[in-house]
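Taken together, the values in this text are just the output of simple stated rules run on the coordinates, not laboratory data. Here the structure is a predicted model, which means the values were calculated and not measured. FYI the Cβ positions are ideal-geometry reconstructions off the backbone, even for glycines, and counts take in every protein chain you see.
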Amino acid sequence: MNELILMQGCPGSGKSRMAEVLRQYYENLEVEAQIYSADRFWYECVGDDKGRYDFVPELRYRAHQWCQQGVLGAMKIGIPVIIVDNTNTTKKEAVPYRVMANLFDYAVHVVRVDPGVEECIRRQASRPEDRRVPEDIIRTMHGRLETLIPDEPDFLLFNTPWSKLTAPFEDDTNTK
Ligand SMILES: Nc1ncnc2c1ncn2[C@@H]1O[C@H](COP(=O)(O)OP(=O)(O)OP(=O)(O)O)[C@@H](O)[C@H]1O
Ligand SMILES: [Mg+2]
């Protein structure tokens, strides 16, 4: 059965890194896995410089629609593993993906990445200024992390120090 993996976690928790670890894991098994993220919208769809992070708060909804459309396209052509690299802190955020998974018969898994709120805040310091999320927003998001799928047997919780999983990547995703 095809699989939809919903990453969940605060900014700085390590979702993008974990998503890439998962993608590589599947690649080694010769299974195609694609990552979709609303965050890519700011690089690819806003502003003149396609490599620059142009965040426009009013377009947040569009960013999520764009991400959902990407996932829809991937499901239509039957990509075997689709990873949604968004914060997904509330059930509401995950609903469109769960509906699509239902329609296209994808099994849904949630990978929560949570090194603790203080660590998420600490990691903001090393980010470029335009990628930093204010401390109060991170605290709010961390406080409202909802269980996305109650009674989900495959709910995975990753809280493992990076070094225990694999060697760090050479290019740090955090610098983007
Ligand atoms: N398991 C880990 N142990 C130590 N450092 C980590 C771990 N996972 C990620 N990091 C580091 O934490 C920072 C944030 O990681 P990452 O960009 O993956 O977070 P994110 O959850 O995707 O954030 P955002 O929601 O803002 O995109 C990076 O500098 C990364 O190198
Ligand atoms: Mg990320």
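Here are the numbers for the structure shown:
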quantity: Size of electric dipole in the chain: Cβ of Lys, Arg +1 and of Asp, Glu -1, about Cα centre, debye, nearest 20; calculated: 340 debye
quantity: 14 Å beta-carbon shell around GLY116, net charge (K/R +1, D/E -1); calculated: 0
quantity: Projected label distance in nm at ASN2 and LYS91, using a 7 Å step from Cα toward the beta-carbon; calculated: 2.6 nm
quantity: For the stretch 3-169: relative contact order, % (alpha-carbon pairs under 8 angstrom, 6 or more apart); calculated: 35 percent
quantity: Part-to-part distance (alpha-carbon centres) for the stretch 100-119 and the stretch 1-76, which is given in Å; calculated: 13 Å
quantity: Calculated [θ] (222 nm, deg cm²/dmol) that DSSP helices of n ≥ 4 give over the chain, each run adding -39,500 (n - 2.57); calculated: -12000 deg cm²/dmol
quantity: Taking the convex hull of Cα positions in the chain, its mean projected area over all directions (nm²); calculated: 10.5 nm²
quantity: Sparse-neighbourhood loop sites, trypsin sites (Lys or Arg not before Pro) in the stretch 21-117 - DSSP loop, at most 13 other Cβ within 10 angstrom; calculated: LYS50, ARG52
quantity: For GLU32, net neighbour charge (Lys/Arg +1, Asp/Glu -1) across residues whose Cβ lies under 15 Å away; calculated: -2
